[in-house]
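Some notes on the structure that comes next.
No lab work stands behind these numbers, since they all come straight from the coordinates. Please read these numbers as outputs of a predicted model, since none were measured by experiment. Please note: Cβ atoms are built from the backbone with ideal geometry, for glycine as well, and neighbour counts cover all protein chains shown.
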Amino acid sequence: MCFSGNSQIRESVFSEGADRVSTMTTTSPQGRTELLRPDGSPVRVLVVDDELSITELLSMALRYEGWQIRSAGDGQGAVQAAREFRPDAVVLDMMLPDMDGLAVLGRLRRELPDVPVLFLTAKDALEDRIAGLTAGGDDYVTKPFSLEEVVARLRGLIRRSGAADRRSDSLLVVGDLTLDEDSHEVSRAGESIHLTATEFELLRFLMRNPRRVLSKAQILDRVWSYDFGGQANVVELYISYLRRKIDAGREPMIHTRRGAGYLIKPAVS
């Protein structure tokens with residue numbers, strides 16, 4: 001994975017055994033401020049996974065957000081790192097070589113009772129996700145996952161925990177279109193727009209990637225969380241819903257690139 005001249009993380013797919021990380025992260029959208037601690041220092045995140053390749057990809061994506069990162073490959077290392085590093089959030093794999101994620105969570109909570117924890121779980125391990133949330137985990141993502149989703153979920157956890165300076169906001173802004181990730185409020189040119197939950201997720205994905213063409217496969221994976229295969233019509237349907245609400249009676253912002261996908265960009269005045 002590499003950085004392009006326009007400061008974007010290029011899309012790539014990484015495979016290591018059964019785990020795959022699909023990176024779909026791009027430049028920080030306009031109107032979005034960097035998350036900082038109240039003292040102005042970078043947010044700290046501890047990444048715990050025994051797959052070095054996954055740890056490196058996550059660390060690279062999170063450093064790109066301007067955050068300070070420490071990593072560990074097992075439970076003992078995670079506890080020691082948390083004690084020294086004092087993270088503001090933890091990304092924690094459920095399956096580690098020396099102890100499971102729930103045991104690590106218990107020990108982390110004794111050191112840092114309020115630190116938010118984002119679990120990484122197997123895609124089909126529903127019992128792991130339930131157990132993690134029941135035991136006190138704050139959120140989870142399933143493998144394979146997009147780095148964009150991990151960053152978004154961590155941002156939400158860190159803001160809600162109060163670890164970040166409240167001057168940092170949750171707004172995505174493209175042209176005269178604004179989306180608040182915390183309140184789920186959307187407006188264009190000051191006019192409020194009501195969206196369903198799925199419409200909101202689709203618009204958020206588009207706005208986190210302004211001016212970038214997103215394929216139907218990428219959209220299905222991010223918004224509907226399943227692989228591309230005969231379901232392209234649902235993307236077309238929801239794009240049409242968004243257009244009726246976002247673009248109706250205005251200069252269009254949502255555009256189709258035939259054979260490639262969809263993008264959002266400021267309207268041409």
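Per-residue HN-Hα couplings for segment 153-158, Karplus 6.51 cos²θ - 1.76 cosθ + 1.60 at θ = phi - 60°, whole Hz, x for Gly and Pro?
Rounded to whole hertz, the list is 5, 5, 4, x, 4, 5.
Determine the shape class of segment 171-264: with a ≥ b ≥ c the square roots of the Cα gyration tensor eigenvalues, call it rounded for a/c under 1.5, and otherwise prolate if a/b is greater than b/c, oblate otherwise.
It is prolate, given that a/c is not under 1.5 and a/b is the larger ratio.
Once each part is reduced to its C-alpha centroid, what is the distance from segment 77-116 to segment 235-252 in angstrom?
For segment 77-116 versus segment 235-252, the Cα centre distance is 44 Å.
Sort Asp39, Asp247 so that the residue with the fewest other Cβ atoms within 10 Å of its own Cβ comes first and the one with the most comes last.
Asp39, Asp247
Highest first, please rank the peptides 88-100, 54-66 by the mean number of other Cβ atoms sitting within 10 Å of their residues.
Top to bottom by mean Cβ count within 10 Å: 88-100, 54-66.
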